[in-house]
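Beneath this line is the structure, given in structure tokens, with notes to follow.
The values are calculated or read from the model by the stated rules, or taken from the named source; none is laboratory data. Computed from a prediction, not measured in an experiment: that's the story for all the values here. Here Cβ is always computed from backbone atoms with ideal geometry, including for glycine, and neighbour counts include all displayed protein chains. Each accessible area value is taken on the protein alone, full model and side chains, heavy atoms only, with ligands, DNA and RNA left out. Shrake-Rupley method; radii C 1.70, N 1.55, O 1.52, S 1.80 Å.
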Amino acid sequence: MSENGEAPSHIAIIMDGNGRWARQRGLVRIRGHKEGVESVREITRECAKKHIRQLTLYAFSQENWKRPRREVNLLMKLLKDFLIGERGEIEENNIRLTAIGRISGLPEDVQRELAISIEESKDNTGMVLCLALNYGGRSEIVDAAKNIARSVKAGKMGLEEITEETFRRFLYTSEMTDPDLLIRTGGEMRVSNFLLWEISYTELWVTPVCWPDFRKRHLDEAIQEYARRERRFGGLQE
Ligand code: FPP
């Protein structure tokens with residue numbers, strides 16, 4: 001078996017288990033989300049230090065609106081505080097912030113802070129930190145299909161021009177490479193509507209560790225395991 005021996009260039013994370021972390025400690029769910037922000041800080045800093053090119057975090061899915069209003073409001077507040085509070089750290093670490101998802105569906109104050117952070121960091125040349133917000137993988141594909149249909153209807157694109165490569169250009173993720181490694185915390189073996197198109201050949205790594213407990217040593221473990229994987233992309237071993 002040939003190991004790829006490389007560091008992943010793009011890591012995506014499904015940050016799950018905040019609620020369980022809190023419940024195990026007799027705390028309310030939102031305490032888990034608050035602690036989860038600490039993990040976001042540490043893992044972002046670590047990935048930037050390791051010269052990972054991109055880190056994509058599933059921070060709020062389209063399905064998360066189904067949660068109690070109080071929890072949704074708190075998640076939005078944590079996000080807003082993170083955007084405001086981390087601007088210095090983002091700058092210091094030369095990080096460029098981006099976002100994917102139906103951003104216009106977020107509360108206006110969150111949209112405003114997000115736009116400021118994206119604009120302020122747009123010339124940074126280090127790691128790209130991409131937040132998936134109000135994100136759904138199926139919606140992303142539907143939105144891409146609609147925009148392609150519009151282009152065809154307007155005569156800007158022919159049917160025969162619709163290929164995997166051109167389709168990709170209509171995704172929210174058009175400017176990024178596919179994730180090399182997808183980490184899921186909290187132990188569940190699901191993809192949960194995250195980056196459906198983009199993870200076709202991504203290596204998956206699931207840990208039972210809940211997101212608020214996820215630290216540098218767990219990230220190192222995932223990266224070491226990734227280096228041992230043989231990536232064939234549907235082909236055969238050399
Ligand atoms: C899943 O845990 C986690 C979320 C729905 C939200 C993730 C958000 C954060 C970590 C904090 C805010 C993000 C940023 C970028 C500042 P869960 O509640 O589904 O856990 P459970 O499966 O144990 O119930």
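The accessible area of HIS51, taken with all protein chains in place and a 1.4 Å probe, comes to roughly 150 Å². Going 7 Å from the Cα of ASN94 in the Cα-to-Cβ direction, what parts of the stretch 21-49 have a backbone nitrogen less than 18 Å from that spot? Under 18 Å, as judged by backbone N against the label point of ASN94, lie 44-49 of the stretch 21-49. Across the chain, Cα pairs under 8 Å and at least six residues apart give a relative contact order of 32 percent.
Considering the dipole of the stretch 75-142 built from charges on the beta carbon (Lys and Arg +1, Asp and Glu -1) around the Cα centre, which of GLY137, THR98, MET76 is farthest to its positive end? Sorting the options by dipole projection puts first GLY137.
If you find the alpha carbon centre of the stretch 161-224 and of the stretch 35-72, how far apart are they in angstrom? Going from one Cα centre to the other spans 13 Å.
Only the Cβ atoms of Lys and Arg (+1) and of Asp and Glu (-1) were treated as charged; on that basis the dipole of the stretch 122-214 about its Cα centre amounts to roughly 460 debye. Extension gain for ARG102-SER192 works out to 30.7 nm (0.36 nm per residue, less the C-alpha to C-alpha distance).
If you place +1 on the Cβ of every Lys and Arg, -1 on the Cβ of every Asp and Glu, and leave all else neutral, what size is the dipole of the chain about its Cα centre, to the nearest 20 Debye? It would help to have the intermediate numbers written out before the result.
Values: 38 positive and 38 negative charges, 210 e Å.
Using only the charged Cβ atoms, the result is roughly 1000 debye.
Which order do THR98, THR125, THR173 take by accessible area at a 1.4 Å probe, largest first? Each step should come with its number before you reach the end.
Numbers: THR98 35, THR125 100, THR173 5 Å².
So the residues, ranked largest to smallest area, are THR125, THR98, THR173.
Look at the dipole of the stretch 17-75 built from charges on Cβ: of GLN24, ALA48, TRP65, the Cα furthest out on the positive end belongs to GLN24. Accessible surface of LYS80, taken over heavy atoms with a 1.4 Å probe and every protein chain present, rounds to 60 Å².
Largest to smallest in accessible area, the residues ARG229, ARG112, ARG69 fall in the order ARG69, ARG112, ARG229 (1.4 Å probe, all protein chains included). Applying 0.36 nm per residue to the separation of ARG53 and ASN73 and subtracting their alpha-carbon distance, the gain on full extension is 4.1 nm. Normalised by the number of residues in the stretch 6-83, the average gap of Cα pairs under 8 Å and 6 or more apart makes the relative contact order 39 percent.
For LYS77, go through the lysines and keep the ones whose alpha-carbon is under 19 Å away, minus same-chain ones fewer than eight residues off. Straight-distance partners of LYS77: LYS34, LYS66. Among MET15, MET76, the sequence by solvent-accessible area, most first, with a 1.4 Å probe is MET15, MET76.
Semi-axes of the equivalent ellipsoid for the chain, please: Cα gyration tensor eigenvalues, times 5, square-rooted, ordered largest first, whole Å.
Semi-axes, largest first: 28, 24, 18 Å.
The simple Förster model, with R0 at 22 Å and r as the Cβ-Cβ distance, assigns VAL152 and SER200 a FRET efficiency of 0.35. Just check the stretch 11-96 against the gyration tensor rule for me: Cα atoms, a ≥ b ≥ c as the square roots of the eigenvalues, rounded for a/c under 1.5, and otherwise prolate or oblate depending on whether a/b exceeds b/c. It comes out prolate by the Cα gyration axes.
When nucleic acids and ligands are ignored and a 1.4 Å probe is applied, SER39 ends up with an accessible area of around 0 Å².
Taking the chain as a Gaussian network, Cα atoms linked when under 10 Å apart, which of GLY85, GLY101, GLY26 shows the biggest mean-square fluctuation? Per the Cα network of the chain with a 10 Å cutoff, GLY26 tops the list. Gain on full extension, evaluated as 0.36 nm per residue between GLU225 and ARG138 minus their Cα-Cα distance, stands at 28.4 nm. The alpha-carbon of LYS146 sits under 22 angstrom from the alpha-carbons of these lysines, leaving out residues fewer than 8 places away in its chain: LYS156.
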